[in-house]
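Heads up, the thing below is written out as structure tokens.
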Amino acid sequence: MNDKLWHGADLIFDLDGDHLPGVTDRDFPGMLDVIRDQAHSLWNDFLQPEFGFDESFLQVTFSGHRGFHLHYRDPSLFHLDSEARRELVSHIRGEGVDVHGGLTRFSDPNAKGWTKRIRNQIPTLIDKLVTIAEGNEDSSRVMKGLHLGLKENLQREGKPGKGPASIQKLADMFLHEERRQSVASGQISRLGSHQGLFLDLVKSDASIVLGAAGETDEVVTIDVRRQIRWPTSLHGKTGMRVTEFPLERLDRDGSNPFDALTEAFVFGKENRIDLEIIVDDAILRFGETQHDVSRGDMLHVSESAATFLSLKGWAKLV
């Protein structure tokens, strides 16, 4: 790299729905909503408040497929090598975070960083565990998401894995209303031998999932040689445009949230092409029109939709 007169690299954060536990691109609109929230959280919960990043150096883009890229171009950080960038990623992922130690400041209103994140995440995790314990309609999906996230986190930290049966036992403990309220107020000891699992779940559920960089399995942020698709280029797996937009449009509750499924299609939008769906099931949206499809369904769609479905391998021309 020195022979190439390398001067530095942007900090790039790649958030890809393909790496989110329990999320599938077969519900493409739902996946994009989840990963957009992750990108919004990455900036507002980590990069800006904890690292002091300045929005004036930030470029936000839709990747053209399953996620979003945050490019940070502060010249003072160009020199950071892979190890320095790895430390940023480790913090965002919560690797090595002492969750139990963070509980000592559970009631501190001025707590920041992972201490604040742990406190805020506990009620959310409790709600998910109650959903699992009660066997609600979403219980299987919630269980899958928690288990996959926990599995990845434990593997990174070299800890032994825990299966769905362990999570189910923990979840059943939250059917007890008094225990639920006690844990929500920070009294984790009420969980007895399940404390460790609960705290590991808190950490994995509060972390941000960053996309992997190809065959190396290193996240894009760490790879200083990684080339990222340039805005206005088209993604070869969808035909969608890599689209730049202002940071505030990452907020789904904002006045003008970014909508990739309306704004990133570049081909014709008039419905004039017939397709047959060739995957078992998928949820799709093109502009304002949503489709819940199964294998063998016929669709009459636009050039943009036909390009997307054909490149994804989800439909064929008829």
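What follows is calculated from the coordinates using simple rules that are stated; it is not laboratory data. Fair warning: this is a prediction, and the values are worked out from it, not measured in the lab. Glycine also receives a Cβ, built like all others from the backbone with ideal geometry; neighbour counts cover every protein chain displayed.
Taking the 0 to 90 degree range and rounding to the nearest ten, how far is the long axis of helix 28-41 tilted relative to the main principal axis of the chain, both from C-alpha atoms?
Rounded to the nearest ten degrees, it is 50.
If each residue's Cβ is checked for other Cβ atoms within 10 Å, how do 79, 65 rank with the fewest at the top?
Neighbour counts put them in this order, fewest first: 79, 65.
Return one number: the angle in degrees, 0 to 90 and rounded to the nearest 10, between the long axis of the Cα atoms of helix 303-312 and the longest principal axis of the Cα atoms of the chain.
Helix 303-312 sits roughly 60 degrees off the main axis of the chain.
How high is the relative contact order of region 105-200? Use alpha-carbon pairs under 8 Å, at least six apart in sequence, and give a whole percent.
That works out to 26 percent.
Output wanted: per-residue J couplings in Hz (rounded whole) for region 222-229, from phi through Karplus 6.51 cos²θ - 1.76 cosθ + 1.60, θ = phi - 60°, x for Gly and Pro.
Once θ is set to phi - 60°, the couplings for region 222-229 become 7, 7, 6, 9, 5, 9, 10, 3 Hz.
Could you tell me which of the pairs 116/237; 116/162; 116/151; 116/312 are separated by over 30 angstrom between their Cα atoms in the structure shown?
The pairs that break the limit, which is 30 Å between Cα atoms, are 116/237; 116/312.
Tell me, 100, 91 in order of fewest to most beta-carbon neighbours within 10 Å?
Result, fewest neighbours first: 100, 91.
Give the label of the value calculated from the structure for volume of the Cα convex hull per residue in Å³, choosing from [x] 174; [y] 161; [z] 335.
[y]
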